[in-house]
Amino acid sequence: MLLKIEDSDRAFNNEISSTKMSQQELDLVKKLFAFSGGQHSGEASPELGTAYLVMGQYEKALSEFNILVKNAKQRVFAAKNILRCYIGMATLEDAILQYNIWTVSGQFSYDDLAKVYSFLQNILIKRNSKEFIPKPSPEKKAKNEKPQEDEYLDLLSIKINPDNNDRKNTAISLDVEFQKGNVFSVILPKKESPIIEMMKAGKTIKNVEITATSVVFQENCLIAGKRVIKKGPQKGQSFIILKILES
């Protein structure tokens, strides 16, 4: 049965020789570990990097893993072993420095960096280290990047203040009838004809109070469309389509 790499410090055991590894030793270590996929000529090898690491050839192992970490499929595996190399060389501060560089490099996804964080944090705890490493933060969208549809909260209702000088400025509440991302619809009762007249396509309604499943917030909304319902139980009412504008 092929041996698996254990999550222990045996790779860093001081009894492992740091002298030059012979081809026989290299072949032996490569046979002891199971890896999926083969090595392509000219590419870094997870087998070779692991062999160097296990045999105490930390600098050579670093050379292999520093190339492998550029490969998204090997990134977490390589990153953990890079940290193992630094720890094996008794340079914990270099391991922490490398992790801090990764946190700002943009090279790692949140999920991958979280795995590396957990790995290094557990090592620090085990070694009773007081060193602090920053916990990864969930990825944020760029300001000009539109959120995906399923990232929006479920909207329940809205409250608007009519902009009409002919009537008392009384807020009205409307249930959200349908929602797709940041676009939703409401139905205005026929009795609210002054508001219906005010709501013209292309106009922006400011400070709409929006109630979602877990929060109440205010945003400006664009009137994307409006029409009078001609048939059905809502006949005579007005169908308004609104779009939440980004702040």
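The values are calculated or read from the model by the stated rules, or taken from the named source; none is laboratory data. Worth saying up front: this structure is predicted, and the values here are computed from it rather than measured. Glycine gets a Cβ as well: all are built from the backbone with ideal geometry, and neighbour counts include every protein chain shown.
Checking LYS191 against (1) basic (Lys, Arg); (2) modelled with pLDDT of 80 or more; (3) loosely packed, with under 13 Cβ neighbours inside 10 Å; (4) under 19 Å from LEU245 (Cβ atoms), which test does it fail?
Going through the list (1) basic (Lys, Arg); (2) modelled with pLDDT of 80 or more; (3) loosely packed, with under 13 Cβ neighbours inside 10 Å; (4) under 19 Å from LEU245 (Cβ atoms), LYS191 breaks only (4).
Would you be able to tell me the number of residues in region 57-103 that are polar (S, T, N, Q), under 18 Å from ILE133 (Cβ atoms) and in a helix (DSSP H, G or I)? Steps first, please.
Just the residues of region 57-103 that are polar (S, T, N, Q), to begin with: 57, 63, 66, 71, 74, 81, 91, 98, 100, 103.
Retained after the next criterion (residues that are under 18 Å from ILE133 (Cβ atoms)): 81, 91, 98, 100, 103.
This time we only want the ones that are in a helix (DSSP H, G or I), so: 81, 98, 100, 103.
Of the residues in that region, 4 qualify.
Quickly run through region 104-125 and pick out the residues that are crowded, with 16+ Cβ neighbours inside 10 Å and outside any helix (DSSP H, G or I).
Matches in region 104-125: PHE108 only.
Within region 41-62, track down each residue that is surrounded by 16 or more Cβ atoms within 10 Å (Cβ to Cβ) and modelled with pLDDT of 90 or more. Before the answer, list the steps.
Of all residues in region 41-62, those surrounded by 16 or more Cβ atoms within 10 Å (Cβ to Cβ) come to 44-58, 60-62.
The one that is surrounded by 16 or more Cβ atoms within 10 Å (Cβ to Cβ) and modelled with pLDDT of 90 or more: LEU62.
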